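Read-outs throughout are calculated quantities, based only on the coordinates presented, and are distinct from any laboratory measurement. Everything numeric here is computed off the predicted structure, so don't read it as measured data. Cβ placement follows ideal geometry from the backbone for every residue including glycine, while neighbour counts extend to all protein chains displayed.
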Amino acid sequence: MAINEGLYIEKEIRKTIDILYPPKSLFEIRIIGGRNGKNILSGYFSDADTLLEAFKKVDLRKNNVYITLNAIDDACGARNQWERFVSNATSTSDNNIIWYQWFFVDLDPVRIAEVSSTDEELEHAKKLAHKVYEFLKDFGFEEPVKALSGNGCHLLYRISMPNDKEGNASRLVEKCLRVLAMLFDTDEVKIDTTNFNPSRICKLHGTLAQKGSDKKDRPHRFSMIFSGHPDMPVTSRAFLEKLAAQLPDDDPPPQHRSNRQYQQSDFDLLDFMSRNGITYKEDSNDRARIYRLDTCPFDPSHRNGDAKIFHYTNGAIAFKCHHNHCRDYRWQDVRKKFEPDAYEREYPDDSKYDKGWAAHNREKTKQEVPGTELSIESPEQMFRTAKEILDDPEPDYEYIRSGITVIDQRMKGLQKSGVSVMSGVRGSGKSTIAGQIIVNAINDRQNVVCYSGELNNKKYLRWLMRQAAGKNHVKVTASGVFLEEDNESKIAEWMGEHFWLYNNKYGNKFKKIEQFLRVKLQECKADLCVIDNLMALDLSEYDRDKYEAQTAFMWALKNLAELSNTHIMVVAHPKKADGFIRLNDISGSGNISNIVDNAFLVHRVNNDFKIGYDATFKKNPESVGVIDSKTTNVIEIAKDREFGTQDVFVKLYFEESTKRLRNSMDEFIHYGWESDIEDFTTDLPDDIPF
C-alpha cells in the first residue's frame, strides 16, 4: 500500500532480521494499534522479503510494529497467519519458545502514557543506556546490539540457553533486569523489568514509532539499530548468573519481621550519613531504599547519583559506584572511610593491588644476597640440638599470589625462596598459566624477572599484554587479535620497573645468564623469576651429560632462589609428546621433580586426559568433578613440599581473545592499568548513539 510510504525503511528491516535471527528461522511480527493496543495483527515469517510483501497489504498508520526475539517452535509456522497478517490470531506464547537468544534491556523515558518522548527525554535515555552498557562491559558481558526504539534505547545481548519447563531461564533473566533497574533507574528513565518472559516482543527496528500524535516537541521517530552484526558474540550464562547474584536474598518470612516496611538493622544508616555529611536523593523499590549520593565518597567527580547506597528490606546495606575507579569499593569500605575502627578485621590499605598479600618489597631498600656458605668457627656449629632449633625465631615466609584460586588456598601461593616446575605436553597451556602468574604478580606490585627462550622479546611481551588487557581492550579481526597502540603504552607504563625480560641477543648459555641473574634479582628486589623454558637453555657448561647438567642447573636455581628470596618457576617439556603425563615424565631427569619444592602438571582436556585419568585413578574425571562440560584445561598440583598437597586437579576455562585460563566461566579480571582509562561521562562521543 502506498499509504505505508514513510512508515518503514526496507534496508533497516532487512538488517534487523539478519542480526536477530539466523537465516530461515521462524519469527512473529505483531502490528499493534488502537487505544491500549486492542487491535492486533499477527504474522509468522522466515525471511525479510516475504514480510515486506505482507506489509504492502496492511495499513501501518498509527500502528506500532514488533518482533519476537527468541527461537520459536517451528510448529507455530503452521498457524493460520503463516506469511500473512491475521487479526485475533493465536500468537506466540511462552510455551512456544524453545530457546532464549537475546537478553533485552529496554530503557524508556518517564512520561505520560501514549505520547512520544521529547528530544530531552530521549537524551536522558541515551546517557543512561551508555552507563548500563559500560557497566555490563566492565562486568564481562560481550558487545551488544545498540538500538533506538524511537522513544528510548535498546541494548540486546546475544545469549544461548533453553527455555526450560522449570522456568529457571526466565527467572534468571528477570533477576538480571531487576538488578539493572535497582542500580540504574532514575527519575527520568526506567529499565523495563517485565521483559523477561520468553515470548517478549521488541520494537521492529526500521519501523516508525507512532505513540500519540506527531508533534514538533514529541515527534514520531524511526527505531534503528546503530551497532550490531549477524555474528554478535554470545554472553555466557555464567555472567547472567553473576549479575543476578547481586540481587539480595528474599526477605525473612513476615512473622519474623516488624511492622515497619523497611526493617532497620542495629546500624542507623541515616544517622551515619547525616553525621558524615553524605548528601543524597532518596528513592525506593519493592526491595530497598535507594540513596543516590550527590558525590561519591571515593571520588567527588562522580556526581548526581552515580554512586548509590542500598538499604534492603532485610536490613542488608550495599554500596555501588558505576565508575571504573570505584568498581571494587563496597559498603564496608564506605563505613571504614568515615569510621576506620568500625570493623575488627583490618582491610588492606591498598586493596586494588594487595588483595590480602603483603607487598613485601615496598619497604625494602635492598634485597641482600649473602654468600653461599657460613663461616665455621667450630665443628659444633654444623650440628644443633632440638632446644637450639626451637629457640630460633619462626621464619617469616612470604608468598606470591598465583591467581589460581585453589593453589592460593591450598598452598598460600608460591613461596618465596622456593623453586617450582611446570610441565605439560605442547599446547596444554603451561606458558599461558606462567604468563598469568607474571601478570598477577605485577598487578600485586611485585617485581618479576623473566627469561623466554622460544619467543623473541616483543612477541613475549605482547602475549603478556594481551593477557593483561582483557577482552574489552582487544580487537578480534579476521587476521588476528590486536591491542590498540595506546593501550600497549598504558600497559607498558603500568608494568614499569616491576617487569624485566632477559635480552635473548646475549645468548642462551645459562652459566653466563646465571651470573647476571644473581645481580638482577638483587638489584630489582625480585619476588618472582620465570624461566620459559628449560629446553631452550644451553646447559652444556654444567656437564656434557644432559641429565647431569639438568640436575646441576636445578641445584643452581635452588641456591639462587634461597639466596635472593625469590620464587623461581621453570617451564619444562615432558619426556613424552602426548598422553596423560605424570610427575616422573618431567624433562629427562627424575632429579628435577626431587629437587623442586612444587611441581605442576598442565593438561588439556581431551580424550588422552580422560582415558589417562580413568586408567590412573580408576575414576571417570567428569563423574568425580575433576572436569565439567566447559573445562578446557586442568592444572594438577603434583608436588607441594610445604603442605603435602598432591593429586589435586584444578579446573580452568580458556578464553581465546585474551589467552587467559579462568578459574570460572564468569571470571573477568581487571588489572591495575585499566584505572588509567577514562571513565564514562555524560559527555558522549559523537560517533556512537549512546
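Here are some notes:
- Cleavage-rule hits, GluC sites (Glu not before Pro), region 481-515, DSSP coil, Cβ neighbours within 10 Å at most 16: GLU484
- Entry note, region 262-338: relative contact order of 24 percent, from Cα contacts under 8 Å with a spacing of 6+ residues.
- Assigned charges on the beta-carbon of Lys, Arg, Asp, Glu; region 22-84 dipole about Cα centre (debye): 480 debye
- Extension gain, ASP231 back to ASN594 (0.36 nm per residue minus Cα-Cα distance, nm): 125.6 nm
- Calculated FRET efficiency, LYS509 to SER664, Cβ-Cβ distance, R0 = 25 Å: about 0.05 to the nearest 0.05.
- Here the simple spin-label model places points 7 Å from the Cα toward Cβ, and for ASP73 and SER623 these points are separated by 3.6 nm.
- Three-way shape call for region 29-164 based on the alpha-carbon gyration tensor, with the a/c threshold at 1.5: oblate
- Rounded, prolate or oblate (a/c below 1.5 giving rounded, otherwise prolate when a/b exceeds b/c) for region 2-244 by Cα gyration tensor: oblate
- GluC sites (Glu not before Pro) within region 12-108, DSSP loop, no more than 14 other Cβ atoms inside 10 Å: GLU83
- Candidate lysines for bridging to LYS416, where Cα separation is under 17 Å - those fewer than 8 sequence places away on the same chain excluded: LYS364, LYS366, LYS520, LYS525, LYS558, LYS639
- Label sites at ARG641 and ASN607, each approximated as a point 7 angstrom past Cα along Cα to Cβ, lie 4.0 nm apart.
- For region 262-338, the Kirkwood estimate of the hydrodynamic radius, built from every pair of different alpha carbons, is 12.5 Å.
- Shape category assigned to region 115-255 from the gyration tensor of Cα positions, a/c cut at 1.5: prolate
- Scattering profile of region 379-665 at q = 0.16 Å⁻¹ [log10 I(q)/I(0), Debye over alpha-carbon scatterers]: -1.37
- Burial order of peptide ranges 475-483, 88-96 (average beta-carbon count within 10 Å, highest first): 88-96, 475-483
- Two-decimal Rg/Rh across region 554-607, once Rg and the Kirkwood Rh are taken from alpha-carbon atoms: 1.03
- In whole percents, the pair-distance distribution calculated for the chain from its alpha-carbon pairs, binned every 20 Å from zero, is 15, 40, 31, 12, 2, 0.
- Here the residues SER236, SER87, ranked from fewest to most Cβ neighbours within 10 Å of their Cβ, fall in the order SER87, SER236.
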